[in-house]
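Scroll down for the structure; my scribbles are underneath it.
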Amino acid sequence: MESFFWQVNDDYIRSLNILSKKLRFSEVDPMINASKALKDIKQELERLRKKALSKVSDYIIEIFSAMRKPGTNIQILQQNLLQKYRYLVLFLKEQGLETYNGVCAAYVDTMNKVLSAYFHVYVEALEGLKLDIGVSSDLIGYDTNMVDLITRGREHLRSHRFMFSLGERANILKHIDQPGLVPRISEANSLKYPYEVIFRSLQKLLMDTASSEYLFVEAFFGEESLFYRVFEGPFAVIDEHLNITLPNCHDAVCLMLMICITRKHQLVMSNRQLPCLETYLDKALLYLWPRFKTVFDMYLQSLYRCDVKMLSVDGTRPHHIVRCYVEFTASLVQLNAECGDGQLDMSLERLRLAVDDLLVRFAEKFATPKLQHLFLLNNYDMAISILKEAGEEAKKLQRYFEEKLECNLISFVDELLMEHFGDLIKFVKIHICKLKKTVAQVHVIVVTHRKKTENDSFVFLAEDLISYTEPPNIADVEPVVKNFAVKWKNALELMHNEVVTCCSNLLSGMAILKAAMAQLLNDYNRLSECVKMIPGGSSLNRNLVSITSISYEIRKYSRTL
């Protein structure tokens, strides 16, 4: 091989150029072509042409043969021995098209085999580094090994690799153009990676190899079609790998990350202004989206098929399945904002409806409305906390759960007060209703609402006009007043202990207790005003508890939260 390398140099290129000019001159000028002088040397020119074609062809093919040797740096040969003498291939194209086509075929055959083998070895090495995060039974709502799933899920969660949670897996999109994995280094350190890391490394190698090869083929041969012939082999290796891997991938977060990676790689190639992978990357998305939607639908159906009777509930604490859903949703919302094109919006809405249905079915397992509302409160509160961590992208969904939480908070407070102060609440509902200030009505009394501040439990806020819906008498109100006077302190303590014990989030418990105590204070204030207005009500003054005393007690419990 070296015998050819040293014979082809700058002097040889100059001689070849002179020969090419003479050949063109003799062919272009009809008079010269018909002259006797040309006839005398035409045979010699043809002999020189054939000899040059053979030597140039042998030189180039010899370099192609060197590329097949293991460990060869192909790019160095391309740049130092081929690109440097690009005129050689121009000579072949001009003076020997058949020889040129043979050289092109030899290059395609060489590089196709070399790159196919290279990618095959790399794919096999990467497969040994894969960390299996999700399998077919790892569905959010229903499978026969849910206990095992949650045990493994918590372990993955600690390492930020839980299949429903994005966590640190999102960092791959921030470092999209970092070098790919080096398998021997990872193996030496016993490292394993989620499949999206392997996928990015494979595509990174493809992009860099394809970019280099495309630029060389364009510069050396000037024919873009040769690139696609060269890469038929590597594309086939990757296609085969994806055709085996994707049907066994049940990790929807991974699949969505792969879609985002592919979209970002499209931008990388666009910035490089290289069109050589447009078809491949579009095809990759056509592989990924259907698989993602299939796995997503499996998740969705698992929620609807979930038999809540078979699943344990840890009191009114947030359920692990709901946590899975919210983490999964938060992950998809973030990725949708990163690389979405609207395809996820409807899917996320379907998933929200499915989990709403599941929560209602879980809540129905509880015997009382109060426990049902408390269960829902804790789950909605947990959902809001997770979505807050997801950032601005999750604000819309966060507001939805905040509205659900507020509705259930009001219902829970009603049930809580009815349990501990039922006679008071019933009396107010039956005998007193609030009116707008513009409405004039008989039996009108004034009730003052109070609001908590930093320095005092409650302060006067505004005055509302209220009226009797059913005018009470002393017999109606007396048992309510006396019963409240006896048990109110103990009832407040019971309410406080129950809320603090049952609410999974202390801040939410504080909000619930404040709402309950504010409503209690408001209703008792109405009762007190009512007593003052009815005939004989003054006889109950000694049994009335002052608003100040109730406010003080409420303030005491507020400080303990």
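Values quoted throughout were computed directly from the atomic coordinates according to the rules given, and no laboratory measurement underlies them. Just so it is clear, the structure is predicted and the values come from calculations on it, not from any experiment. So basically every Cβ, Gly included, is an ideal-geometry build from the backbone, and we count neighbours across all protein chains shown.
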Can you compute the FRET efficiency between Q75 and E349 using 1/(1 + (r/R0)^6), with r the Cβ-Cβ distance and R0 = 56 Å? Round to the nearest 0.05.
0.65
I want to check the label-to-label distance for E168 and A125. Put each point 7 Å from Cα in the C-beta direction and report it in nm to one decimal.
2.4 nm
From the Cα gyration tensor of region 246-295, with a ≥ b ≥ c the square roots of its eigenvalues, which class applies: rounded if a/c is under 1.5, or else prolate if a/b is larger than b/c, or else oblate?
prolate
To the nearest 0.05, the calculated FRET efficiency linking D356 and D109 through their beta-carbon distance, R0 being 60 Å, is 0.50
If the chain between Y552 and N483 were fully stretched, how many nm would it gain, using 0.36 nm times the residue separation less the Cα-Cα distance?
22.9 nm
So for region 155-305, using the alpha carbon gyration tensor with a ≥ b ≥ c as root eigenvalues (a/c under 1.5 gives rounded; past that, a/b versus b/c decides prolate or oblate), I'd call it prolate
Derived scalar couplings ³J(HN,Hα) [region 500-506; Karplus, 6.51 cos²θ - 1.76 cosθ + 1.60; whole Hz; x for Gly, Pro]
4, 6, 8, 8, 6, 10, 4
Under 17 Å Cα to Cα from K93, which aspartates and glutamates show up? Leave out anything in the same chain fewer than 8 places away.
E27, E46, D58, E218, E223, E224
³J(HN,Hα), Karplus 6.51/-1.76/1.60, whole Hz, each residue of region 88-101, x for Gly, Pro:
4, 6, 5, 5, 4, 5, 7, 9, x, 4, 5, 5, 4, 4
Looking at G167, I185, M258, which one has the Cα that reaches farthest to the positive end of the dipole of region 155-305 (charges on Cβ: Lys, Arg +1; Asp, Glu -1)?
G167
If I stretch the segment between E232 and L507 completely, what's the gain in nm (0.36 nm per residue apart, minus their alpha carbon distance), one decimal?
93.0 nm
